[in-house]
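The values are calculated or read from the model by the stated rules, or taken from the named source; none is laboratory data. Quick caveat: nothing in here was measured; it's all calculated off a predicted structure. No Cβ is skipped: glycine too gets one built from the backbone with ideal geometry, and neighbour counts run over all protein chains shown. Note: areas computed on protein heavy atoms with side chains; ligands, DNA, RNA excluded. Shrake-Rupley method; radii C 1.70, N 1.55, O 1.52, S 1.80 Å.
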Amino acid sequence: MLEEKNLDLDPEEDLPVNLETPAEEEIEAVGAAEVLVAEAPLVVRSIAVVDTTDEPIIEEEEEELELPVEQLVAIDTPHDDFDWSITNKRGRSYPEDEKQKLQEQYDATLTAVLENEIVSGRVTSINSGDIVLDIGYKSDGLISLSEFRDMPELTIGDFVEVYVEQQEDSRGQLVLSRRKAKLLRAWENIVDSYQNGTVIRGTVVSKTKGGLIVDASGLETFLPGSQIDIKPIIDYDAYVGKTMEFKVVKINETIKNAVVSHKALIESDLAEQREAIIAGLEKGQVLEGVVKNITDFGAFLDLGGVDGLLYITDISWGRISDPRDVLSLNQKINVVVLDFDENKKRISLGLKQLQPHPWEVLNADIQEGAVVKGKIVNIEDYGAFLEIEPGVEGLIHVSEVTWSNQPVNAREYFKLGQMYEAKVVTIDRDDRKMSLSIKQLAQDPWGEIEQRFPIGSRFTGEVKNTTQWGVFVELSEGIGGMIHISDLSWTKRYQHASEFTKVGNKIEVVVMDIDKENRKLSLSHKHIEENPWDTFENVFPVGSYHEATVLRRDDRGAIVQLPYGLEAFAPAKHIRKEDGSMADVEEVLTVKVIEFNRDDKRILVSHLRYIEDIRREADEVVKREKDDERTQTRTAVKKQQSSIEKSTLGDLDIFSQLKEQLGDESASNAEE
């Protein structure tokens with residue numbers, strides 16, 4: 001603060017002429033030393049002008065008076081009787097209105113300064129520990145040099161913003177702070193960024209849980225990990241010490257805290273770039289992109305602010321199962337724009353379209369009848385696709401796999417990646433289609449089928465498949481036939497051919513018929529033996545009784561096995577036992593043949609009829625025995641009666657004996 005000074009001059013003495021003091025600004029002399037009253041020791045300063053040969057020299061003396069306050073007040077000085085209106089010959093008095101005008105002019109040179117506001121000040125002096133600032137106030141401010149550590153090149157004359165803490169402190173000094181000015185200005189910038197979207201700069205000072213701490217002009221803010229970049233960030237330490245630009249996305253006025261985002265800036269820039277890129281897009285345009293992500297269905301490319309999708313089918317003319325086999329992350333490639341949607345900001349890209357289609361440059365030597373080689377790239381139920389060159393494929397239909405009529409399961413026969421040779425059957429370069437055949441690489445074995453496999457001949461083949469209709473047997477490469485399920489056995493009936501044999505087993509067959517046109521052979525296994533039904537008709541006549549074993553049972557009845565392995569059917573009601581219960585599987589019963597059909601090879605049997613026949617025979621035997629006894633009794637009675645003469649009293653005893661004898665016989669018959 002500028003110190004007030006008291007000039008102790010003699011009003012009778014003239015000032016030297018060479019002081020070059022303007023007449024209108026002559027200093028009014030004060031008579032005696034002015035005494036200031038304070039609790040501190042009294043200080044009296046006096047200035048004396050010493051005249052020398054060269055220039056007047058002003059000497060300043062300072063003296064402390066250790067006097068009580070009461071004593072100082074009571075001192076009488078010459079000032080009390082001095083007439084202040086009297087001046088020396090070079091001085092003049094000013095009227096009150098002029099004084100007022102001069103005072104107003106002086107006040108206009110001063111700046112109105114309020115506490116708790118930010119003002120601009122000019123550096124007037126830089127000392128070892130302090131800086132003096134002129135803010136246009138009646139006194140200068142003093143600020144510690146430590147508050148200017150971020151301004152190492154600060155020089156006299158520079159302007160800086162400071163915060164007015166107090167106009168005057170207890171010592172009458174102006175109190176300023178640059179640190180508070182920086183914090184307030186930083187908060188104003190943060191609020192402006194939040195409200196208007198302006199950009200602020202800050203330095204990452206440290207890492208914290210979930211993000212980073214950013215120093216924004218002296219104010220610490222929080223940068224979440226998710227707001228550092230558009231791509232996930234793992235290493236936060238790499239950003240410590242970096243100065244970056246941010247946008248404020250959240251503020252808290254109460255605690256003066258803020259959340260900033262660098263990602264929002266990137267997205268904003270990308271959005272502008274995206275709009276510019278999409279506005280200039282055209283179908284067929286070739287762009288350079290960087291692979292930023294790879295998925296199972298394709299890859300996403302960064303086209304310089306906008307993303308495009310390169311679908312897996314547009315990567316190569318050939319089939320690929322995984323885009324990673326062709327592309328890698330951060331790889332730079334040229335792609336062509338296939339399509340784009342300005343509203344949805346979607347861009348479809350193509351890589352293979354930069355090269356000619358393989359069908360257009362296909363070797364002219366590949367014609368019908370040519371033999372080609374390739375690998376299996378796709379398998380369907382109806383066949384497999386053989387890739388001859390990348391982007392050139394031919395279909396091997398299941399019917400072109402083998403000369404045999406046996407059904408081929410393409411998914412079981414072919415494997416992805418297998419190499420095959422095939423013969424070109426048809427080729428259409430316009431439609432880009434080709435059909436191939438494996439079986440036509442070999443001679444058609446059906447050309448001389450009658451000579452190799454005549455009707456009635458016997459062969460041993462391999463079981464290739466079993467169904468509910470029969471067994472498929474391969475006799476040689478490309479030649480096979482079917483054994484109908486009814487031709488497996490003369491005596492047994494099967495629900496499924498797998499009950500008789502298994503795939504891979506050897507089986508002896510007889511060729512029953514040849515269909516050369518449809519490439520079919522009818523085979524039989526049971527005809528390797530003579531038809532036993534001619535003999536069975538005599539062995540199992542209707543009404544005959546046989547032991548049978550229950551093989552299986554259902555709601556309709558049961559299948560039973562007769563002697564010689566012959567099977568017969570017993571309806572459900574005919575397998576009830578004498579106690580009314582149903583016969584169990586593996587139970588042995590005596591059955592009666594109730595039907596024998598040689599042509600249909602069907603036998604019906606009944607356990608119930610057998611029981612009924614046994615009961616009927618038993619009843620007939622009992623009845624026959626009773627009839628015989630009655631006949632014998634009648635004969636004996638008649639015989640006795642004819643030999644008896646007229647009885648007398650003396651013959652009564654004989655008569656009584658005969659009566660007893662007849663009574664005993666009747667009782668005996670009754671018991672029987």
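In the set GLU188, GLU267, GLU288, GLU282, only one residue is assigned to a helix (DSSP H, G or I), open to solvent by 80 Å² or more (accessible area, probe 1.4 Å) and more than 29 Å from ARG149 (Cβ to Cβ); that residue is GLU267.
In the range 291-332, what residues are open to solvent by less than 30 Å² (accessible area, probe 1.4 Å) and touching a residue at least 60 places away in the same chain (Cβ under 8 Å)? Passing the criteria: only GLY318. Within the option set VAL191, VAL162, being modelled with pLDDT of 85 or more and hydrophobic (A, V, I, L, M, F, W, C) holds for one residue only, VAL191.
Got a sec? Which of LEU416, LEU441 is surrounded by fewer than 18 Cβ atoms within 10 Å (Cβ to Cβ), farther than 22 Å from HIS357 by Cα and without any contact (Cβ under 8 Å) to a residue 60 or more places away in the chain? Please lay out each step first, then the result.
Details: LEU441 fails: without any contact (Cβ under 8 Å) to a residue 60 or more places away in the chain.
Residue meeting the stated conditions: LEU416.
Would you check if there is a residue in the range 504-511 being out of contact with any Cys (no Cβ under 7 Å at 6 or more places or on another chain) and over 12 Å from HIS525 (Cβ atoms)? Yes: one or more hits. Of everything in the range 359-372 that is of a type in the set (Val, Ile, Thr) and touching a residue at least 40 places away in the same chain (Cβ under 8 Å), the residue that is surrounded by the fewest Cβ atoms within 10 Å (Cβ to Cβ) is VAL371.
Output the residues belonging to the range 531-552 that are over 22 Å from LEU488 (Cβ atoms), modelled with pLDDT of 85 or more and open to solvent by 80 Å² or more (accessible area, probe 1.4 Å). Residues satisfying the conditions are TYR545, GLU547.
Of all residues in the range 360-376, those satisfying the criterion of being of a type in the set (Gly, Ala, Ser) and within 14 Å of ALA422 (Cβ to Cβ) are GLY369, ALA370, GLY374.
Remark: THR426 matches the filter, which requires a residue to be within 44 Å of the chain's Cα centre (by Cα), exposed (fewer than 13 other Cβ atoms within 10 Å of the Cβ) and hydroxyl-bearing (Ser, Thr, Tyr). Within the range 373-401, the residues that satisfy the criterion of being open to solvent by 30 Å² or more (accessible area, probe 1.4 Å) and closer than 29 Å to PHE472 by Cβ are ASN378, GLU380, ASP381, TYR382, PHE385, LEU395, HIS397, VAL398, SER399, GLU400. Annotation note: Cβ proximity below 7 Å between a residue of the range 180-199 that is under 15 Å from HIS262 (Cβ atoms) and a residue that is of a type in the set (A, V, I, L, M, F, W, C) and open to solvent by 50 Å² or more (accessible area, probe 1.4 Å) (sequence gap 6+ or interchain) occurs for SER193/VAL199. Considering SER261, SER268, which residue is at pLDDT 90 or above, within 32 Å of the chain's Cα centre (by Cα) and of a type in the set (Ser, Thr, Tyr)? Residue meeting the stated conditions: SER261.
Would you call ILE379 closer than 30 Å to TYR420 by Cα, in a loop (DSSP other than H, G, I, E, B) and either out of contact with any Asp or Glu (no Cβ under 6 Å at 6 or more places or on another chain) or at pLDDT below 85 (or both)? Write out each step before concluding.
Details: closer than 30 Å to TYR420 by Cα: yes; in a loop (DSSP other than H, G, I, E, B): no; either out of contact with any Asp or Glu (no Cβ under 6 Å at 6 or more places or on another chain) or at pLDDT below 85 (or both): yes.
No; evaluated as a whole, the condition is false for this residue.
Just one of VAL605, VAL585 is closer than 17 Å to LYS492 by Cβ, free of Cβ contacts under 8 Å to residues at least 60 places away in the same chain and open to solvent by 60 Å² or more (accessible area, probe 1.4 Å); which is it?
Details: VAL605 fails: open to solvent by 60 Å² or more (accessible area, probe 1.4 Å).
Only one candidate passes the filter, namely VAL585.
Taking THR635 as meeting all but one of (1) surrounded by 13 or more Cβ atoms within 10 Å (Cβ to Cβ); (2) farther than 26 Å from VAL550 by Cα; (3) β-branched (Val, Ile, Thr), write down the number of the exception. Result: THR635 fails condition (1) only.
Looking at the range 502-530, which of the residues that are open to solvent by 80 Å² or more (accessible area, probe 1.4 Å) and in a strand (DSSP E or B) is nearest to ASP444 (Cα to Cα)?
Filtering the range 502-530 for residues open to solvent by 80 Å² or more (accessible area, probe 1.4 Å) gives 502-503, 506, 516-518, 520, 529-530.
If we keep only those that are in a strand (DSSP E or B) as well, we get 506, 520.
Numbers: LYS506: 24, LYS520: 14 Å.
The selected residue is LYS520.
Within the range 226-242, not a single residue is open to solvent by less than 20 Å² (accessible area, probe 1.4 Å) and either in a helix (DSSP H, G or I) or at pLDDT below 85 (or both).
Looking at the range 525-557, which of its residues are under 29 Å from MET482 (Cα atoms) and either touching a Ser or Thr at 6+ places or on another chain (Cβ under 6 Å) or touching a residue at least 12 places away in the same chain (Cβ under 8 Å) (or both)?
Within the range 525-557, the first condition is being under 29 Å from MET482 (Cα atoms), and the residues that meet it are 525-536, 551-552.
Answer for the range 525-557, where residues must be under 29 Å from MET482 (Cα atoms) and either touching a Ser or Thr at 6+ places or on another chain (Cβ under 6 Å) or touching a residue at least 12 places away in the same chain (Cβ under 8 Å) (or both): HIS525, LYS526, HIS527, ILE528, GLU529, ASN531, PRO532, TRP533, ASP534, PHE536, LEU551, ARG552.
Just one of (1) within 34 Å of the chain's Cα centre (by Cα); (2) not in a loop (DSSP other than H, G, I, E, B) fails for LEU436. It is (1).
Quick grid of which residues meet (1) of a type in the set (Lys, Arg); (2) under 26 Å from ARG598 (Cβ atoms); (3) assigned to a loop (DSSP other than H, G, I, E, B):
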{"site": "LYS423", "(1), (2), (3)": "yes, no, no"}
{"site": "ILE427", "(1), (2), (3)": "no, no, no"}
{"site": "GLN440", "(1), (2), (3)": "no, no, no"}
{"site": "ILE449", "(1), (2), (3)": "no, no, no"}
{"site": "ILE455", "(1), (2), (3)": "no, yes, yes"}
{"site": "GLU462", "(1), (2), (3)": "no, no, no"}
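Filtered by the rule that a residue be surrounded by 15 or more Cβ atoms within 10 Å (Cβ to Cβ) and within 60 Å of the chain's Cα centre (by Cα), the range 119-150 gives VAL119, GLU147, PHE148. Of all residues in the range 343-376, those satisfying the criterion of being assigned to a loop (DSSP other than H, G, I, E, B) and under 27 Å from the mean Cα position of the chain (by Cα) are ASN343, LYS344, LYS345, LEU351.
Screening PRO356 against (1) over 30 Å from THR426 (Cα atoms); (2) loosely packed, with under 12 Cβ neighbours inside 10 Å leaves a single unmet condition, (1). Cβ-Cβ contacts under 6 Å between residues 6 or more apart (or on different chains), taken from a first residue in the range 493-513 that is closer than 26 Å to PHE569 by Cβ to a second residue that is part of a helix (DSSP H, G or I), are listed as TYR494/ILE485; ALA497/ILE485.
Of everything listed in (1) under 30 Å from SER437 (Cα atoms); (2) over 25 Å from the mean Cα position of the chain (by Cα), the single unmet condition for ASP314 is (2). Restricting the range 467-501 to residues that are part of a helix (DSSP H, G or I) and surrounded by fewer than 18 Cβ atoms within 10 Å (Cβ to Cβ) leaves a set whose member that is nearest to the chain's Cα centre (by Cα) is SER498. For the range 559-582, a residue qualifies if it is in contact with a Ser or Thr (Cβ under 8 Å, 6 or more places away or on another chain) and open to solvent by 50 Å² or more (accessible area, probe 1.4 Å), and the qualifying residues are GLN561, TYR564.
With respect to GLU380, determine if the residue is farther than 24 Å from ARG519 by Cα, acidic (Asp, Glu) and within 38 Å of the chain's Cα centre (by Cα).
Spelling it out, GLU380 is indeed farther than 24 Å from ARG519 by Cα, acidic (Asp, Glu) and within 38 Å of the chain's Cα centre (by Cα).
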